[in-house]
Amino acid sequence: MTETPLDLLVVGAGPVGIACGIEAARAGLSCRLVEKGALCNTLLGWPVETVFFSTAELLEIGGFPFVTSGPKPTRREGIRYYRKAAAMARLDVRLYERVLGASREGELFAVATERGTHRCRKLVVATGFFDTPNLLGVVGEELPKVTHYYREAYPYSGTDVLVVGGGNSAVEAALDLYRNGAMVTMAVRETSLKPTIKYWLLPDLTNRIQEGAIQARFETEVERIEERSVLLRTGSERWSLPNDFVVALTGYHPDFPLLGALGVAMTPDGKVPHDEATMETPAPGLYVAGVVAAGVEIGKLFIENGRRHAAQIVTHAAASLGRPLPVTGAFPGIRTFQDGD
């Protein structure tokens, strides 16, 4: 690609990446989003029946109202909302274009993808964390019966399923599987379920465990996965469980090679160094947005607070490029809801 360098390139087209694109458009900056999958690829990987924990107002980006049919948005409503926000802002989004690496070329960044090289003055990494699961690290984890993502229960009806994990994702999966005909056992490494479990899920699961509808094994880890069984360990006790499928929902973590290639190293305690006010890293012109900014502490950043990074980044980037931000509500390139879509 030999085109004029962009003012801003955003790697990742999830909700926070889209928010960065909208703010850049409003500031009059040339901007492009590059995404290795679909728009809002992470949300597409969520369980089909997911309901957001937050209200719609806390998930809004770009000032576009998020109207939902219930008190909290569904996954489908979220995908539709963020897609429409990107369309209204007329964002330049390149989908299914995986980033292969990045380097410095003087004052520019050169971001190489499967389709060429994008050059930009400022670079935002908003890659999230959902694409890299925390592996169990046991023999048999590579078997086709094992998955680290859960979408719906129907393929598992009538089978023995082990759900590994004690967080929201594991609880939701276990309840959904049980209600759709699977025989469910949960293996939870901790002594109890996580205190962050959604308040409407905890009594439901507790009752199912107490009545024996779902078997829960606490302080239990997976030691080996075999074709028709799973070897579990509780303390010094080892025992085999008949098993058809393993749904390992043990969390995910960000992937940091793009930052490392540009000289931004993780701190010893697993954090990404950056200025909290501007989201700029020690590499001038390189920003982090959304959950990737939290490093390994992914529980600290969500759409609700990560979306605010967009305005912080664009304000700083525009100032350093000598582009004063607009002071009126008339932003170039942005459509309104009255325009229709």
query = Of (1) assigned by TED's automatic domain parsing to the domain that holds Gly166; (2) surrounded by fewer than 16 Cβ atoms within 10 Å (Cβ to Cβ); (3) of a type in the set (Asp, Glu), Asp244 satisfies all except one. Which?
reply = (2)
inquiry  = Which count do you get for residues in the range 142-162 that are within 16 Å of Leu241 (Cβ to Cβ) and either in contact with a Phe, Trp or Tyr (Cβ under 8 Å, 6 or more places away or on another chain) or among the small types (Gly, Ala, Ser) (or both)?
reply    = 7
inquiry  = Show me the helices (runs of 4 or more DSSP H) found entirely inside the range 4-94 where at least 1 residues are surrounded by fewer than 18 Cβ atoms within 10 Å (Cβ to Cβ).
reply    = 41-44, 75-88
request  = Could you tell me whether Gly270 is closer than 30 Å to Leu162 by Cβ and touching a residue at least 60 places away in the same chain (Cβ under 8 Å)?
outcome  = no
query = Scanning the range 193-227 for residues that are of a type in the set (Ser, Thr, Tyr) and within 13 Å of Asn168 (Cα to Cα), which turns out nearest to the chain's Cα centre (by Cα)?
reply = Thr196
inquiry  = Looking at Val296, Val288, Val272, Val292, can you tell me which residue is at pLDDT below 90, under 30 Å from Ser320 (Cβ atoms), assigned by TED's automatic domain parsing to the domain that holds Gln312 and under 21 Å from the mean Cα position of the chain (by Cα)?
reply    = Val296
query = Does Val124 satisfy being crowded, with 18+ Cβ neighbours inside 10 Å, over 24 Å from the mean Cα position of the chain (by Cα) and either modelled with pLDDT under 95 or not in a loop (DSSP other than H, G, I, E, B) (or both)?
reply = no
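The values are calculated or read from the model by the stated rules, or taken from the named source; none is laboratory data. A quick note: this is a predicted structure, and the numbers were derived from the prediction, not measured. Using ideal geometry, Cβ is built from the backbone for each residue, glycine included, and neighbour counts are taken over all protein chains shown.
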